[in-house]
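See structure below.
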Amino acid sequence: MPNNSGIPSWKSIQFFENAIATHNAVESVTNRGENVFIINRKGHAPVVVYLTDVYTVGIADVIDAMTRIPDLGCVVTISNWNGYTQAAKDHGVQNHVGVFLFAELMGALNRDDFWAYVKHDDDGNPVYHYRG
Amino acid sequence: MLNTTTMATPFITTGDNPTGRLFIFGSWLSSPMPNDLDLVFIYDDCVCSPQDAITVRQALKECGARLGIPAIHVVLLSEAESVQCGFIESVGAVPLKIWINEHRDDLLRRLIEEAEKNP
């Protein structure tokens, strides 16, 4: 179940760090504190990730994170049952900030324009995790 | 029995201006000893910017801490986002002031009074 707190559990953070470290494009992960991580990539610029467990990431959450973290690259909500609103996603893309579920981040890390990454299904249709 | 569809919904106000609607969901509705308080603030972005909504969230958390509520989690959605994602329906959220009145929840009544004074 989602915890609604917005704050990832210790287990979620551990999962995040371990899983990211196994990504082919990742050199290392640094925990900067307050749920902010720097993902150092091979051959690509680092990505600064704000990790949350908010049930639905809204545009206010994205703006809040962008204000607090000037070098923000992504807002990632960790649980698979979480989601985001279209407004949050669109605002992020316009500002070169990715708004992702964890699985989407794994795809995005292969790209320079990671914020614009969209997963596609087997038929080539874009898959978004809009709540509702 | 709560009726969440026909009763007027409450507002958090800044001065005389209604800025949004506050709902409660999660374990507070069903548990006699909830560990946390889950709220969703649906703000009218014609009168309340996302930054203002963040301020409301912060005020609720600070007031809650002063009142001894251990953890308050506030989802922030604009009216448009709320309609688009059907959040209220999907989590079974209830207008907070209706909950307070029906259950005589004085702790949450004080929370709202404090937050409305100091959003």
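The values are calculated or read from the model by the stated rules, or taken from the named source; none is laboratory data. Just so we're clear, the structure is a prediction, and the values are computed from it rather than from any experiment. As a convention, Cβ positions derive from the backbone with ideal geometry for all residues, glycine included, and neighbour counts pool all protein chains shown. Surface areas here come from the heavy atoms of the whole protein model, side chains and all, with no ligands, DNA or RNA. Shrake-Rupley method; radii C 1.70, N 1.55, O 1.52, S 1.80 Å.
Taking the convex hull of the alpha carbon positions in the range A:20-73 and averaging its projected area over all directions gives 4.1 nm². The alpha carbon convex hull volume per residue for the range B:11-117 rounds to 90 Å³.
In this calculation the C-beta distance from B:Ser27 to A:Asp123 is compared with R0 = 51 Å, giving a FRET efficiency of 0.80. Ligands, DNA and RNA excluded, the heavy atoms of B:Ser27 present near 40 Å² of accessible surface to a 1.4 Å solvent probe.
Based on the Cβ-Cβ distance of A:Asn80 and B:Asn101, what FRET efficiency does E = 1/(1 + (r/R0)^6) give at R0 = 41 Å, to the nearest 0.05? The partial results should precede the final answer.
On the way: r = 37 Å, r/R0 = 0.90.
According to the calculation, E is roughly 0.65.
Antiparallel versus total DSSP beta bridges in chain A: what percent is that, nearest 5? Just about 55 percent of them are antiparallel.
Just the C-alpha atoms of the protein assembly as shown: what Rg/Rh do they give, with Rh taken as the Kirkwood radius? Walk me through the numbers before you get to the answer.
Values: Rg = 18.8 Å, Rh = 19.0 Å.
Result: Rg/Rh = 0.99.
Geometric descriptor of the range B:60-105, per residue, is 96 Å³ (volume of the convex hull of the Cα atoms). In loop segments of the range A:1-85 as defined by DSSP, the chymotrypsin sites (Phe, Trp or Tyr not before Pro) with at most 15 further C-beta atoms inside 10 Å of their C-beta are A:Trp81. Pairs over the 31 Å Cα-Cα cut-off, from the set A:Lys11/A:Lys119; A:Lys11/A:Lys42; A:Lys42/A:Lys89; A:Lys42/B:Lys61; A:Lys89/B:Lys61: A:Lys42/B:Lys61. Mean projection of the Cα convex hull over all viewing directions, computed for chain A: 7.8 nm².
How shielded is B:85-91 by partner chains, expressed as the average number of their Cβ atoms within 10 Å of its Cβ atoms? Don't jump to the answer; show the numbers that get you there.
Details: counts 10, 2, 7, 0, 1, 5, 5.
Per-residue shielding by partner chains comes out at 4.
What does DSSP give for the range B:11-117 in terms of the percent of beta bridges that are antiparallel, rounded to the nearest 5?
On the way: 11 of 18 bridges.
In the range B:11-117, approximately 60 percent of DSSP beta bridges are antiparallel ones.
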